[in-house]
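Working notes, beginning with the structure itself.
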Amino acid sequence: MKSKLPVLMAILLLTAASLACNRLMRSPAAAVTPTPASPVSNVYMASDPGGLNKTNVFAPKDAIYVFFTADQAEIGSYFEARWYVLNLPDMDPNTPFTVTSFTYNGGSTTIYANVQSSHEKGFAASKCKVEIYMNGVKVAEQQFTIQ
């Protein structure tokens, strides 16, 4: 009777070689890049300059305010609020109808921007959005409705 040891050794060597090849052929795990925290938080809309009447629905003649907290703003940071109408045929939804801008001078990190129509009838009923930019980089967006 022949010894089974050489056959067992051959099987073990083939298995080990196969496992080693599989390990070498595997792609390395993709590095996970942490998402940086947004430099603004607590973004909300309101109908008053104190930010007490929080709402996303406005009347045509309302002043419309967007508030946000700029925790990472350094003195001299440049902010823009770009206001868009999204659903009126005569308005390009990719072009702001107005832009308000300001430079952060320190103090409170709660910042607001506002817009109000100068037309007698106010704004047309529409769906809108405001985008917040800090130093040229979009950091927040808020949608709202005018009824």
Margin query: Suppose we keep only residues that are at pLDDT 95 or above and in contact with a Ser or Thr (Cβ under 6 Å, 6 or more places away or on another chain) within the range 70-114. Which one would you say is surrounded by the most Cβ atoms within 10 Å (Cβ to Cβ)?
Written below: 81
Margin query: Looking only at the range 74-121, how many residues end up being under 18 Å from residue 63 (Cβ atoms) and either of a type in the set (Asp, Glu) or out of contact with any Phe, Trp or Tyr (no Cβ under 9 Å at 6 or more places or on another chain) (or both)?
Written below: 4
Item checked: Top-ranked residue of the range 118-147 - restricted to ones that are buried (at least 17 other Cβ atoms within 10 Å of the Cβ) and either outside any strand (DSSP E or B) or charged (D, E, K, R) (or both), ranked as nearest to the chain's Cα centre (by Cα) -> 131
Next item on the list: Answer yes if at least one residue in the range 44-64 is among the hydroxyl-bearing types (Ser, Thr, Tyr), within 39 Å of the chain's Cα centre (by Cα), within 22 Å of residue 141 (Cβ to Cβ) and at pLDDT below 95, and no otherwise.
Entry: no
Next item on the list: Determine whether the range 126-143 contains at least one residue that is on the phi > 0 side of the Ramachandran plot and in contact (Cβ under 8 Å) with a residue 60 or more places away in the chain.
Entry: no
Notebook entry, point to check: Among the residues of the range 54-69, which ones are surrounded by fewer than 15 Cβ atoms within 10 Å (Cβ to Cβ) and charged (D, E, K, R)?
Noted result: 54, 61
Next item on the list: Please list, ordered by first then second residue, the pairs with beta carbon atoms under 9 Å, 6 or more apart or interchain, first in the range 78-104 and free of Cβ contacts under 8 Å to residues at least 40 places away in the same chain and closer than 14 Å to residue 127 by Cβ, second of a type in the set (S, T, N, Q) and surrounded by 13 or more Cβ atoms within 10 Å (Cβ to Cβ).
Entry: 88/126; 91/126
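The values are calculated or read from the model by the stated rules, or taken from the named source; none is laboratory data. Quick caveat, the model's predicted, so the values are computed rather than measured. Cβ atoms come from the backbone with ideal geometry, glycine included; neighbour counts cover every protein chain shown.
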